[in-house]
Amino acid sequence: MIDIERKDSKRIMQLAIERARETMNEDLGGPFGAAIIDDDGNVLAVASNTVLGDNDATAHAEINAIRAASKQKGTHDLSGCTLYTTGYPCPMCLGAIIWANIKDIVYGCRPEDADRIGFRDDFIYDFIKNGSSERSILKIDEAERDACLELFNEYARKDKEIY
């Protein structure tokens, strides 16, 4: 675990819990909250799940917190930051956390806790583990690869930033 005193960890998680409870009770989203701190322990962002309020399937607490912390820092790179979340991150959020270069996560509830109250992360993990081939869940087809490769190669030739 990260090198933060237990009382600070509890305080930061409580911020995430309070934000989640607030928006949950406003029917904006589920019981998911997140907070991001920098390597000095400063709170950069506290956010909650606002999927219902925003009509946005990607408005998970972790995503909203990453967006707010990135804006606060003025960069997409959140290296050195720690994310606190009320529930173990879903596959989408794990991907975003990795893309943001966050290396430390502290979570409250386990995936089975979310499953028990009706959230369905397991089928997504299974879909990925099984090679993303279950077409009744999602059809993934390749098309126009040559045209897309041209675009990718143009980006590489221009020596654009890789992130």
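Things worth noting here:
- Residue among 120, 110 that is touching a strand residue (DSSP E or B) at 6+ places or on another chain (Cβ under 9 Å) and of a type outside the set (Asp, Glu): 110
- Checking 22, 26, 62 one by one, the residue that is touching a Cys at 6+ places or on another chain (Cβ under 8 Å) and touching a residue at least 24 places away in the same chain (Cβ under 8 Å) is 62 and no other.
- Residue list for region 105-122, restricted to those being of a type outside the set (Asp, Glu) and exposed (fewer than 11 other Cβ atoms within 10 Å of the Cβ): 116, 117, 118, 120
- Residue 102 vs. criteria open to solvent by less than 40 Å² (accessible area, probe 1.4 Å), in a loop (DSSP other than H, G, I, E, B) and modelled with pLDDT of 90 or more: yes
- Close contacts from region 134-160, counting a first residue that is loosely packed, with under 10 Cβ neighbours inside 10 Å and a second that is small (Gly, Ala, Ser), with Cβ to Cβ under 7 Å and a gap of 6+ residues or different chains, come to 140/132.
- Some residue of region 29-37 being under 15 Å from the mean Cα position of the chain (by Cα), closer than 29 Å to residue 129 by Cβ and either in a helix (DSSP H, G or I) or among the hydroxyl-bearing types (Ser, Thr, Tyr) (or both): no
- Check on residue 163, open to solvent by 50 Å² or more (accessible area, probe 1.4 Å) and either assigned to a strand (DSSP E or B) or among the aromatic types (Phe, Trp, Tyr) (or both): yes
- Of all residues making up region 46-81, the number that are of a type in the set (S, T, N, Q), open to solvent by less than 40 Å² (accessible area, probe 1.4 Å) and either farther than 20 Å from residue 162 by Cα or in contact with a Gly (Cβ under 9 Å, 6 or more places away or on another chain) (or both): 4
- Check on residue 58, within 28 Å of residue 129 (Cβ to Cβ) and touching a strand residue (DSSP E or B) at 6+ places or on another chain (Cβ under 7 Å): no
- The set of residues in region 48-91 being more than 16 Å from residue 119 (Cα to Cα), among the β-branched types (Val, Ile, Thr) and part of a helix (DSSP H, G or I) consists of 63, 66.
- All positions within region 123-133 that are open to solvent by 80 Å² or more (accessible area, probe 1.4 Å) and either touching a strand residue (DSSP E or B) at 6+ places or on another chain (Cβ under 6 Å) or in a helix (DSSP H, G or I) (or both): 128, 129
- Which numbered condition residue 43 misses (of (1) open to solvent by less than 20 Å² (accessible area, probe 1.4 Å); (2) more than 15 Å from residue 90 (Cβ to Cβ)): (1)
The values are calculated or read from the model by the stated rules, or taken from the named source; none is laboratory data. Not measured: the values here are computed from a predicted model. Glycine gets a Cβ as well: all are built from the backbone with ideal geometry, and neighbour counts include every protein chain shown. Heavy atoms of the whole protein, side chains included, go into the accessibility calculation; ligands, DNA and RNA do not. Shrake-Rupley method; radii C 1.70, N 1.55, O 1.52, S 1.80 Å.
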